[in-house]
1. Return the residue satisfying two criteria in turn: it lies in segment 139-156 and is among the charged types (D, E, K, R) and free of Cβ contacts under 8 Å to residues at least 24 places away in the same chain, and of such residues it is surrounded by the most Cβ atoms within 10 Å (Cβ to Cβ).
2. How many residues, within segment 72-115, are assigned to a loop (DSSP other than H, G, I, E, B), hydrophobic (A, V, I, L, M, F, W, C) and modelled with pLDDT under 90?
3. Going through segment 89-135 one residue at a time, which ones are of a type in the set (V, I, T) and either touching a Pro at 6+ places or on another chain (Cβ under 7 Å) or touching a residue at least 40 places away in the same chain (Cβ under 8 Å) (or both)?
4. Can you tell me which residue within segment 97-116, out of those that are aliphatic (A, V, I, L, M) and farther than 30 Å from L67 by Cβ, is surrounded by the fewest Cβ atoms within 10 Å (Cβ to Cβ)?
5. Just one of the numbered conditions (1) exposed (fewer than 14 other Cβ atoms within 10 Å of the Cβ); (2) in a loop (DSSP other than H, G, I, E, B) is not true of P68; which one?
6. Does T92 qualify as being buried (at least 19 other Cβ atoms within 10 Å of the Cβ), of a type in the set (S, T, N, Q), over 16 Å from D145 (Cα atoms) and in contact with a Leu (Cβ under 8 Å, 6 or more places away or on another chain)?
7. Could you pull out the residue among K46, K52 that is surrounded by fewer than 17 Cβ atoms within 10 Å (Cβ to Cβ) and free of Cβ contacts under 8 Å to residues at least 24 places away in the same chain?
Amino acid sequence: MFKTVINATSSCECCTIAVSIGFLWFLDLFANLSYQISNAHSILAKLKDVIKTAIARLSFVMAQDLLPHTITALALAPGWMRTEDMLSGFNTDEEHFRQTPLADTESPRYIGRAVVALASDEDVIKKAGKTLLVGSLAREYNFIDIDGTQANFYGE
């Protein structure tokens, strides 16, 4: 539980530092990691929901502050991520995950490809302040995950 609270606090602190650095390096895109709002049923899921919603809200507020400087801030919502820890927890690897409950997951590179697509979009500022689903961005910008799929975790 405390890890989740620290996550939100550190996100706020990191965003403050990143914006300062961004002005120095002339960055024009800030992408925070959030998730699609859910109907959380357990207390831990509800706490995570509150924290991730706070990060999405932080992205919205950042966007309002940064728009006059033509800097885009937004939140990205990946599906269920197939991280190294998840692969290890299910005693599998990137070559064999399809035989586990991780079959419908997304690699971390999928969200990275979403960031690349957004950074390459000259009209990305139109997405400022929004929480964007990675699966929707994959279809919009025509990119795929490393396993050749276009994951659709939220069914959008």
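The values are calculated or read from the model by the stated rules, or taken from the named source; none is laboratory data. This is a predicted model, so every value here is computed, not measured. With ideal geometry, Cβ positions are generated from the backbone for all residues, glycine too; neighbour counts draw on all protein chains shown.
1. E140
2. Adding up the residues that qualify gives 3.
3. T105, I111, V115, V124, I125, T131, V134 - these are the residues of segment 89-135 that are of a type in the set (V, I, T) and either touching a Pro at 6+ places or on another chain (Cβ under 7 Å) or touching a residue at least 40 places away in the same chain (Cβ under 8 Å) (or both).
4. Taking the candidates together, the pick is A103.
5. If we test P68 against (1) exposed (fewer than 14 other Cβ atoms within 10 Å of the Cβ); (2) in a loop (DSSP other than H, G, I, E, B), just (2) comes out false.
6. no
7. K46
This table checks each residue for (1) surrounded by 13 or more Cβ atoms within 10 Å (Cβ to Cβ); (2) among the acidic types (D, E); (3) assigned to a helix (DSSP H, G or I).
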residue: Y35; (1), (2), (3): yes, no, no
residue: M62; (1), (2), (3): yes, no, yes
residue: L118; (1), (2), (3): yes, no, yes
residue: E122; (1), (2), (3): no, yes, no
residue: L137; (1), (2), (3): yes, no, yes
